[in-house]
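Trainee: What follows is a single structure, and I will ask about it in a moment.
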Amino acid sequence: MVIYSLTLIQALRTAGHIVMLTGAGVSKESGIPTFREAQTGLWAQYDPTELATPQAFRRNPQLVWEWYQWRRSLVANADPNPGHFAIAQMETLIPAFTLITQNVDGLHQRAGSIQVIELHGSIQRTKCFEEETIVETWIEDGQIPPHCPHCGGLLRPDVVWFGENLPQEAIEAAYIAAETADVFFSVGTSGLVEPAASFPHIAHSRGALLVEVNPTETPLTVLADFVLTGASGEILPPLIEQTWPQKGAAR
Ligand code: OAD
């Protein structure tokens, strides 16, 4: 088993506020493909960065809706993995813990995380493309995508697409968290998409200890104080066990 640095363990034990930014890599061990890796099966021919745009939806709403239906079914058939559970457990062990996720799959919440800042929305929610209001129910009459029961506009997932603004409240909460972190974790994210990519830099410039968990290098690796190389489901549970041996039994 990996033995983690005592300096890191001490920093975690004494931290008042730990902030964790997660990306698609955290859900990889649950069988959800990360955003930038090749899609599989029917969807192998499409580039996700070209499907997740308002332009793509305007051009071919059926294709984009069906792609999200496929992603929803992947998530519905997946379970949170030990990385998700370890993160949920950390929330209970630290005076203040803020989880900021770029993931739209809801697996953090299913693992038990309570306070989750969802920067990129959620595929579990649906909204009207025209009015942007959340829609809970609609009539399934075979139309794909279905239509908004209020205005008749097309329905779409409540996720942030390329070129769209992030939810203001989520961004503000994430900035405040980054500015006040004692330790900032960047877990399973390639760190390529703004504004999430800036949060570790903000935290670091305010004196936070920076920890990266990722099997591969990212643009953040050179800046990180601790680089924990590997899958989050393998790195985080023993880190918690070693930091809080009385309380931190891995699930
Ligand atoms: P990416 O697909 O860009 O990156 C996934 C990261 O996870 C990579 O750095 C992998 O090395 C790492 N990884 C793979 N397996 C892992 C594992 N088992 N444990 C930990 N890390 C692992 O996904 P994101 O960084 O989340 O935004 O992408 C950010 C955003 O870009 C997404 O939310 C999406 C996309 O554009 C929007 O759709 C707005």
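Trainee: Name the residues in segment 161-188 that are free of Cβ contacts under 8 Å to residues at least 24 places away in the same chain and either open to solvent by less than 10 Å² (accessible area, probe 1.4 Å) or within 15 Å of the ligand (Cβ to nearest atom) (or both), would you?
Mentor: First pass over segment 161-188, keeping only residues free of Cβ contacts under 8 Å to residues at least 24 places away in the same chain: 165, 168-169, 172, 176.
Within segment 161-188, just Asn165 meets the criteria.
Trainee: A further question follows. Could we say that Ala178 is in the same structural domain as Ile100 (by TED's automatic domain parsing), under 30 Å from Cys128 (Cβ atoms) and out of contact with any Cys (no Cβ under 6 Å at 6 or more places or on another chain) here? Give the derivation first.
Mentor: Details: in the same structural domain as Ile100 (by TED's automatic domain parsing): yes; under 30 Å from Cys128 (Cβ atoms): no; out of contact with any Cys (no Cβ under 6 Å at 6 or more places or on another chain): yes.
Judged against the criteria, Ala178 is not a match.
Trainee: Taking segment 59-69, which residues are exposed (fewer than 15 other Cβ atoms within 10 Å of the Cβ) and either part of a loop (DSSP other than H, G, I, E, B) or within 15 Å of the ligand (Cβ to nearest atom) (or both)?
Mentor: Passing the criteria: only Asn60.
Trainee: Step by step: first the residues of segment 5-24, then only those that are in contact with a helix residue (DSSP H, G or I) (Cβ under 8 Å, 6 or more places away or on another chain) and open to solvent by 20 Å² or more (accessible area, probe 1.4 Å), then the one that is nearest to Gln115 (Cα to Cα). Which residue is that?
Mentor: Step by step, filter segment 5-24, then rank; the result is His17.
Trainee: For segment 189-217, how many residues meet the condition of being open to solvent by less than 20 Å² (accessible area, probe 1.4 Å) and more than 15 Å from the chain's Cα centre (by Cα)?
Mentor: Looking only at that region, the number is 4.
Trainee: Additional query: In segment 189-216, what count of residues is obtained for those that are away from the ligand (no atom under 16 Å from the Cβ) and either in contact with a Pro (Cβ under 7 Å, 6 or more places away or on another chain) or of a type in the set (D, E, K, R) (or both)?
Mentor: Here the count works out to 1.
Trainee: Counting only residues that are farther than 17 Å from Gln69 by Cβ, modelled with pLDDT of 95 or more and surrounded by 17 or more Cβ atoms within 10 Å (Cβ to Cβ), which one in segment 29-58 is farthest from the ligand (Cβ to nearest atom)?
Mentor: Ser30
Trainee: Conditions first: (1) away from the ligand (no atom under 12 Å from the Cβ); (2) open to solvent by less than 40 Å² (accessible area, probe 1.4 Å); (3) under 21 Å from the mean Cα position of the chain (by Cα). Phe129 passes all but one, so which condition is the exception?
Mentor: (3)
Trainee: Against the conditions (1) open to solvent by 30 Å² or more (accessible area, probe 1.4 Å); (2) among the hydrophobic types (A, V, I, L, M, F, W, C); (3) in a helix (DSSP H, G or I), where does Ile114 fall short? Just the number, please.
Mentor: (3)
Trainee: Which condition number does Ser122 fail, the rest of (1) surrounded by 16 or more Cβ atoms within 10 Å (Cβ to Cβ); (2) farther than 24 Å from Thr22 by Cβ; (3) among the hydroxyl-bearing types (Ser, Thr, Tyr) being met?
Mentor: For Ser122, the failing item is (2).
Trainee: What pairs come out if I take residues in segment 206-233 that are part of a loop (DSSP other than H, G, I, E, B) and pair them with residues that are of a type in the set (Phe, Trp, Tyr) whose C-beta lies under 8 Å away, six or more apart or interchain?
Mentor: Pairs that qualify, where the first residue is part of a loop (DSSP other than H, G, I, E, B) and the partner is of a type in the set (Phe, Trp, Tyr), are Ala208/Phe184.
Trainee: Within the bounds of segment 78-87, is there any residue that is under 20 Å from Ala173 (Cα atoms) and under 17 Å from the mean Cα position of the chain (by Cα)?
Mentor: yes
Trainee: In this structure, does Asp79 turn out to be outside any helix (DSSP H, G or I), modelled with pLDDT of 95 or more and within 17 Å of Val187 (Cα to Cα)?
Mentor: Details: outside any helix (DSSP H, G or I): yes; modelled with pLDDT of 95 or more: yes; within 17 Å of Val187 (Cα to Cα): no.
The answer is no for Asp79.
Trainee: Every residue in segment 134-160 that is part of a loop (DSSP other than H, G, I, E, B), more than 16 Å from the ligand (Cβ to nearest atom), crowded, with 18+ Cβ neighbours inside 10 Å and within 25 Å of the chain's Cα centre (by Cα), please.
Mentor: The one that is part of a loop (DSSP other than H, G, I, E, B), more than 16 Å from the ligand (Cβ to nearest atom), crowded, with 18+ Cβ neighbours inside 10 Å and within 25 Å of the chain's Cα centre (by Cα): Val135.
The values are calculated or read from the model by the stated rules, or taken from the named source; none is laboratory data. These numbers were taken from a predicted model, which means no experiment stands behind them. Methodologically, a virtual Cβ is constructed for each residue, glycine included, from the backbone with ideal geometry; neighbour enumeration extends over all protein chains shown. SASA here: full protein model, heavy atoms, side chains in, ligands and nucleic acids out. Shrake-Rupley method; radii C 1.70, N 1.55, O 1.52, S 1.80 Å.
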